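Reviewing the structure listed below.
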Amino acid sequence: MRIFFATDIHGSETCFRKFLNAGQAYGADVLIMGGDITGKMLVPIVQADGGAWEFQWLGAAYSLPGEAIPNYERQMRMSGAYPYRTTPGELAHLEAAPAEIKRIFRQVMRSSVEGWLRLAKERLGKSVECYITPGNDDDLLVDEAFQEELGVNNPEGQVVILKGEIEMVSTGWTNRTPWKSPRELEEEQLFAKIEAMADRLVSPRQAIFNIHCPPYDSGLDAAPRVDQNLKPVIGIGGVEMGPVGSTAVRQAIRCYQPLLGLHGHVHEGRGTTRLGPTLCVNPGSEYSEGILKGCLLLLDKNGVKDYMLTSG
């Protein structure tokens, strides 16, 4: 079985399309997206008096004719932002109503995911299985976009059998972070969630743990330390790094010793490691540049035969 795994594309249209193309490009039988699929920014594009469209993007202010806007909208979608065309009146209303901004942002996110799932149905044949798990940064509303008829499975909390051969359990929930994202749990709760899935496995040691958060202090979870204002801590050698992964995930892998651990969450944590017999992978992320980081794996029930980190 050949699996292509990627994660943390954070709304990048370019990265998602590359993910879909990976089935054909790498001859993959199974595509797995490990979490954090939606973007973090809504960019208002306002039609001003005289017909010009005004917006701010990457620290610069723009005032452009209508025919120039689609190119910038494509750039925004490539990097994971959501362009939103509006009027001065609506923008003034939104600025005075934060709840309305959140409603529109959630609506745009869900609509984008639904569009992606329809595209996946069009692009992927029945021979390629596709699994996409929302991650800790993804609003809970995103789960409602998944429908059986679209042919893409959200495996959160389930035991699924890839190609009828290899069991997989999945969760996009993580331990606590400083950013208080939508899907966070205390370590004890996270372990209980993983345990409830793992206890339903027929053969845990021949299974895949598709868990968004990497195991603590595994080398796959080194991220910049932040202060109480969420600013990176700068030391003598530059930005200080430290482990931010989950002790619950580490405990679960040590306990069940699965065949493979698929992780993400920490964009800087690209690499592979072993915890006992378990190969753990974090392909990392450079979504804002439109670069899809991934990992191609060749495996059967007896083990991982080969693997390769990819970038493109």
Roughly how many nanometres apart are two label points built 7 Å out from the Cα toward the Cβ at residue 239 and residue 291? 1.4 nm
Computed E for residue 165/residue 257 - FRET, C-beta separation, R0 25 angstrom, nearest 0.05: 0.85
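Rounded, prolate or oblate: which fits the chain, taking a ≥ b ≥ c as square roots of the Cα gyration tensor eigenvalues, rounded meaning a/c under 1.5, else prolate when a/b beats b/c?
Taking the square roots of the gyration eigenvalues as a ≥ b ≥ c, the chain is prolate.
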Given a cut-off of under 8 Å on Cα pairs at least six residues apart, what relative contact order in percent is computed for segment 42-102? 36 percent
Listed by chain and number, the lysines with an alpha carbon less than 22 angstrom from that of residue 180, same-chain partners under 8 positions apart left out, are 40, 102, 193, 231
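In percent, how large is the relative contact order of the chain, given Cα pairs closer than 8 Å and 6 or more residues apart?
Worked out over the chain, it gives 20 percent.
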Pull out the extension gain between residue 21 and residue 230, defined as 0.36 nm times the separation in residues minus the alpha carbon to alpha carbon distance; nm, one decimal. 71.6 nm
Go from 0 up to the bin containing the longest alpha carbon distance in segment 164-233, width 10 Å each, and give me the % of pairs per bin. 17, 41, 28, 10, 3
For segment 8-53 and segment 233-312, what is the centre-to-centre distance using only Cα atoms, to the nearest Å? 22 Å
Long-range HN-HN contacts of residue 156 with modeled amide H, under 5 Å: none
Which cross-chain or sequence-distant (5 or more) residues have an amide H under 5 Å from the amide H of residue 292, H modelled 1.01 Å from N in plane? 312
Within straight cross-link reach of residue 293, meaning Cα distance under 12 Å, which aspartates and glutamates are found once same-chain residues fewer than 8 apart are removed? 8, 268
Give a residue-ordered list of calculated ³J(HN,Hα) values for segment 271-286 (Karplus: 6.51 cos²θ - 1.76 cosθ + 1.60, θ = phi - 60°; whole Hz; x for Gly, Pro). x, 9, 7, 10, 10, x, x, 8, 7, 10, 10, 10, x, x, 8, 9
With the crude spin-label approximation of a point 7 Å out along Cα→Cβ, what separation in nm comes out for residue 186 versus residue 61? 4.9 nm
Per the 1/(1 + (r/R0)^6) rule, R0 = 25 Å and r from the Cβ atoms of residue 111 and residue 176, FRET efficiency to 0.05 is 0.25
Using 0.36 nm per residue of separation minus the Cα-Cα distance, give me the extension gain between residue 75 and residue 306 in nm, one decimal. 79.6 nm
Using the Karplus curve 6.51 cos²θ - 1.76 cosθ + 1.60 with θ = phi - 60°, work out ³J(HN,Hα) for each residue of segment 32-43 in order, rounded to whole Hz, and write x for Gly and Pro. 10, 10, x, x, 6, 8, 9, x, 10, 9, 9, 10
If I model a spin label at residue 29 and residue 122 as a point 7 Å from the Cα along the Cα→Cβ vector, what separation in nanometres do I get? 2.9 nm
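Rule-based calculations on the coordinates, nothing more; no lab input. Remember, it's a predicted structure, so these values are computed and weren't measured experimentally. Positions of Cβ are backbone-derived with ideal geometry, glycine not excepted, and every protein chain shown enters the neighbour counts.
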